[in-house]
Amino acid sequence: MKINKKNKANKEILITYGDNNSINIDIFNNEILMGIVGAFDNNLKELEKISGSKIYFRGNSIVIKGDKNTNEKVRDAIEYLINRFRSDKKIDQNDITTSLNGDMIKDTKTQFTIQSLGEVIKTPKRSVIPKSKKQKEYVRSLKTSQVVLSLGPAGTGKTYLAVAVALSMLLEKKVERIILSRPAVEAGEKLGFLPGDMKEKIDPYLRPLYDSLYDLLDYDKIQRKIESGAIEIAPLAFMRGRTLKNSFAILDEAQNATETQIKMFLTRIGENSKLVVNGDPSQIDLPNKNQSGLIKSQSILKGIKEISIINFDHQDVMRHPLVTKIVEAYQKNTNDKG
């Protein structure tokens, strides 16, 4: 016999408990239902695979069967995904992985709908939501601090979130331009001679920054803003001698910048500007790794109140679940050697 457990005011969702610890979630909004279920039930299959519960989809109902604790986690995960879909109108692999993160979903209603949605980054193509406590702290710092340093492994959202905040501030006319920069350092291999003019030579190094922009704003609009100078993408060497006013400037891959270069970048700050320095200390491509200035800069600047320093770790990785395991394994190997 099922017992009514929750009936939301908007009548869109009804959660009931049944025999053998089963949980039944009725979703009466078909758009939300299809978003949660996914094409060919793929989202539910992924939830089932990761959680170990059995999940059935019948009509407007999602039925969860398994042990009590796991079922509760899956129920919370589905509530998280419902709120995620309401905000962004889509569910991706990262959302499903995040939904089963116990630290994120202790209290789906208060933690996600109130705290996270208050920090949603609105862009024309999608709304970007910080998915971990550290990402929330990072987004708050991006909005409130003049200078932000973020260190951590790939996949933690350092660049993507910074570009999203920068773009939202540009579109809201809080800044006049975005400047995206990174050192032109080859990632462990010699590329040799590159054909073309200067732009064509440096574009391969800057491609990840373009990818973030194109994910948040239409290609044609990005191109127009680049042509008008509202968005500038340039190697770090081009920043020397400038003063940045009414700008949001991001230095990416800063682990490949020397202490002198990072100091040069930070001292470009001018009136009504923000500077962000991102990097992964475990991926230094400089010939002499001791030349990297990222960790040194963190130590030097930690006492300045206008500067926020965020340290991500493998728990904040929001790419494919396997990426977290890979990062953790390499970190363990480094620690064992050290």
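The values are calculated or read from the model by the stated rules, or taken from the named source; none is laboratory data. None of these values were measured; they are calculated from a predicted model. Quick reminder, even Gly has a Cβ in these numbers, built from the backbone with ideal geometry, and neighbours come from all protein chains shown.
The set of residues from region 39-54 being out of contact with any Lys or Arg (no Cβ under 8 Å at 6 or more places or on another chain) and surrounded by 13 or more Cβ atoms within 10 Å (Cβ to Cβ) comprises D41, N42, N43, L44, K45, E46, L47, I50. If the Cβ limit is 7 Å and pairs must be 6+ apart or interchain, which residue in region 216-234 that is in the same structural domain as A249 (by TED's automatic domain parsing) pairs with which residue that is part of a helix (DSSP H, G or I) and exposed (fewer than 15 other Cβ atoms within 10 Å of the Cβ)? Matching pairs, first to second residue: I222/Y214. Note on region 60-81: among residues that are over 27 Å from the mean Cα position of the chain (by Cα) and not in a loop (DSSP other than H, G, I, E, B), the one that is surrounded by the fewest Cβ atoms within 10 Å (Cβ to Cβ) is N69. Of all residue pairs spaced 6 or more apart or on separate chains, those with beta-carbon atoms under 7 Å, a first member in region 294-305 that is assigned by TED's automatic domain parsing to the domain that holds N278 and without any contact (Cβ under 8 Å) to a residue 40 or more places away in the chain and a second member that is surrounded by 10 or more Cβ atoms within 10 Å (Cβ to Cβ) and not aliphatic (A, V, I, L, M) are K296/E259.
Residues of region 175-193 that are in a loop (DSSP other than H, G, I, E, B), at pLDDT below 90 and not hydrophobic (A, V, I, L, M, F, W, C): P183, E186, G188, E189, K190, G192. Which residues, counting only those in region 194-213, are at pLDDT below 90, closer than 23 Å to R126 by Cβ and surrounded by 14 or more Cβ atoms within 10 Å (Cβ to Cβ)? Those that are at pLDDT below 90, closer than 23 Å to R126 by Cβ and surrounded by 14 or more Cβ atoms within 10 Å (Cβ to Cβ): L206, P208, L209, Y210, S212.
Picking from residues in region 293-317 that are touching a Leu at 6+ places or on another chain (Cβ under 8 Å) and not in a strand (DSSP E or B), the one that is surrounded by the fewest Cβ atoms within 10 Å (Cβ to Cβ) is I295.
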